[in-house]
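Take this structure, written in structure tokens, and hold onto it; I'll ask about it next.
The values are calculated or read from the model by the stated rules, or taken from the named source; none is laboratory data. Please read these numbers as outputs of a predicted model, since none were measured by experiment. Cβ sites come from the backbone with ideal geometry, for glycine too, and all protein chains shown count toward neighbours. To get the accessible areas, we keep the full protein, side chains included, count just its heavy atoms, and leave off ligands, DNA and RNA. Shrake-Rupley method; radii C 1.70, N 1.55, O 1.52, S 1.80 Å.
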Amino acid sequence: MRLFAAGLILILAVPGAVMAAPAGTACLRQDMVHGWTVVDDRTLIVTDRVDKKFKLSFTAPCQDLKFQTRLAFRSPGGTGLTCLGHNDYVLVPPGGGMPAQRCFIADVQAYTPPPAPK
């Protein structure tokens, strides 16, 4: 029975290791994305399902983000538990005669909105 319990602990510990973000970074899991706000063609503010906000920056400008109602957040080779980060991408679906585009992520940071002016 102890061997079984030790194996179960090992199995349960592995997904936690996949979910953990490197020290000092924010973990936006690709399966937790709930919505986004376009700041400009290089920046999104992404909200997850528990209302945490993240600032997602792209390595290059991403065309027509403000007109999109659907985006896909991808971490190739990862699972839904994987934290999005450098070189993962946001897939903008084709539309309006434009092909699909991959907007590669430069950085993901926790985001706190600035205080409202008084």
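Can you give the accessible area of Thr43 in Å² (nearest 10), computed on protein heavy atoms with a 1.4 Å probe?
Using a 1.4 Å probe on the heavy atoms, I get roughly 20 Å².
Can I ask one more? Apply 1/(1 + (r/R0)^6) to the Cβ-Cβ distance of Met98 and Asp31, taking R0 = 25 Å, and write down the FRET efficiency to the nearest 0.05.
0.40
Another question about this same structure. For Gln101, enumerate residues with amide H under 5 Å from its amide H, sequence gap 5+ or separate chain, H modeled in the peptide plane.
Sorted by chain and number, the residues that satisfy this are Val92.
A follow-up question, please. Could you give me the ³J(HN,Hα) list for the range 111-118, computed from phi with Karplus coefficients 6.51, -1.76, 1.60 and θ = phi - 60°, whole Hz, x at Gly and Pro?
These are the phi-based 3J(HN,Hα) values: 10, 10, x, x, x, 5, x, 9 Hz.
Take the solvent-accessible surface of the protein heavy atoms, probe 1.4 Å, and return the percent of it on the range 35-114 that carbon and sulfur atoms account for.
Exposed carbon and sulfur together represent 51 percent of the surface.
What list of ³J(HN,Hα) couplings, whole Hz, do you get for the range 65-80 from phi and the Karplus terms 6.51, -1.76, 1.60, once you set θ to phi - 60° and write x for glycine and proline?
After applying 6.51 cos²θ - 1.76 cosθ + 1.60, I find 4, 5, 9, 8, 9, 9, 9, 10, 9, 10, 10, x, x, x, 10, x Hz.
Enter the accessible area of Asp107 (Å², nearest 10), with the probe set to 1.4 Å and all protein chains included.
Estimated to the nearest 10 Å², Asp107 gives 60 Å².
In whole Hz, with x marking every Gly and Pro, tabulate ³J(HN,Hα) for the range 102-109 from phi via Karplus 6.51 cos²θ - 1.76 cosθ + 1.60, θ = phi - 60°.
Taking θ as phi minus 60°, the curve returns 9, 9, 6, 7, 8, 7, 10, 10 Hz for the range 102-109.
Okay, moving on. Considering only protein heavy atoms, what is the solvent-accessible area of Arg42 at a probe of 1.4 Å, reported in Å² to the nearest 10?
100 Å²
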